[in-house]
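Heads up, the thing below is written out as structure tokens.
The values are calculated or read from the model by the stated rules, or taken from the named source; none is laboratory data. Computed from a prediction, not measured in an experiment: that's the story for all the values here. Note: ideal-geometry Cβ built from the backbone for every residue, glycine included; neighbour counts use all protein chains shown. To get the accessible areas, we keep the full protein, side chains included, count just its heavy atoms, and leave off ligands, DNA and RNA. Shrake-Rupley method; radii C 1.70, N 1.55, O 1.52, S 1.80 Å.
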Amino acid sequence: MRVTVTGSSGLIGSALVQSLREDGHDVVRLVRREPSRPDEARWSPADGCVDKESLEGADAVVHLAGAGVGDRPWTKAYKQKIRDSRLVGTRTLAEAIAAASPRPRVLVCGSAIGYYGDTGDREADEDSPAGEGFLAGLVRDWEAAAAPAREAGVRVVHPRTGVVLAREGGVLGRTLPLFRFGLGGDLGDGRQWTSWISLPDEVAALRFLIDTKIAGPVNLTAPNPVTNDAYTKAVGRALHRPARLPVPKFALRAALGGFADEGPLVSQRVLPRRLLDAGFRFAHEDVDAAVAAVL
């Protein structure tokens, strides 16, 4: 296949590109700077521009670009940047795909389980309603921004990704130094549910969505979500370090602003019903096995 990828320098994008290339697929990376390599093509979401050749020969487009949700405190300006980076980018790409000839067969357009808001102890799947808050509203608008491609007859699938477990980055990667020094611990009271997925399973699921006929939202989370306390203990066991120093809620809120109450402190018990029903097999269904595998 020929696959065009945005966000290819990020945690998930770089792993996906590597996986596709190892299996002999041709990958074109859309970048916002001037291309410097043969595998790169330029796009400028703010200007509504996408290199036409990068799309017209593609079998699939995987769109993963967007400002990091948890990279900075949620100021008003940064929340606007998060929205613009997803909505403007998705709309620009979807319109370019709709105008391409021939069009790619599928657009795998990144999304997030933030759609469900705080589910408490309740299980949520793809049929569950949207929640409340900034992230839930963002995901609704983000997925809607892909409408031009969908209306042009392109299969559009929205992988709603949970917490990705990887040594190279994400929540686990950023907190590993603390755990290695024995400073890891629960976030808040530790009772909130964490819906996680290992990086290898995330990449495998994205490739599965390219190859199957699924359209619409698909949860990319392992079948067995765990409480934050159980997740913390799993990391401690994998590193053979104690994990007994909880981070109080007030400290998280002071450091992260509004993201604390929609990110690390929110409870999301999300299940991958559509992936399982379609026959996808997870390599890591148990959090202990997943943490051990990625470390």
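Less than 17 Å from a label point 7 Å out along the Cα-to-Cβ axis of HIS240: which backbone N atoms in the range 159-179 qualify, by residue? Counting backbone N atoms under 17 Å from the label point, the list is 179. Projecting label points 7 angstrom from Cα along Cα→Cβ for LYS52 and LYS81 puts them 3.4 nm apart. Hey, what angle do you get for helix 76-99 against the long axis of the chain, alpha-carbon based, 0 to 90 degrees rounded to 10? Computed tilt is about 30 degrees. In the chain, the longest principal axis of the Cα atoms and the axis of helix 170-180 are about 30 degrees apart.
Using R₀ = 30 Å, calculate the FRET efficiency as 1/(1 + (r/R₀)^6) where r is the Cβ-Cβ separation of ARG174 and ALA99; round to 0.05.
For ARG174 and ALA99, the calculated efficiency is 0.15.
For the range 26-67 versus the range 223-250, the spacing of their alpha-carbon centroids is 38 Å.
Mean residue ellipticity, 222 nm, helices only, the chain: the sum of -39500 (n - 2.57) across DSSP H runs of n ≥ 4, divided by residue count and rounded to 500, is -11500 deg cm²/dmol.
Between the Cα long axis of helix 228-239 and the first principal axis of the chain there is an angle of about 90°, rounded to the nearest 10. Rounded to the nearest 20 debye, the dipole magnitude of the range 1-131 is 620 debye, with +1 charges on Lys and Arg beta carbons, -1 on Asp and Glu beta carbons, and the Cα centre as origin. Once the Cα-Cα distance is subtracted from the 0.36 nm per residue extended length, the ALA278 to ALA67 segment shows a gain of 72.9 nm. Largest GNM mean-square fluctuation across ALA146, ALA278, ALA130, computed for the chain with C-alpha springs under 10 Å, falls on ALA278. Counting only lysines at least 8 places from LYS79 when in the same chain, those with an alpha carbon closer than 29 Å to its own are LYS249. Extension gain, ASP26 to ALA144, is 39.6 nm, computed as 0.36 nm per intervening residue step minus the present C-alpha separation.
Counting only heavy atoms of the protein chains and using a 1.4 Å probe, GLU202 has close to 0 Å² of accessible surface.
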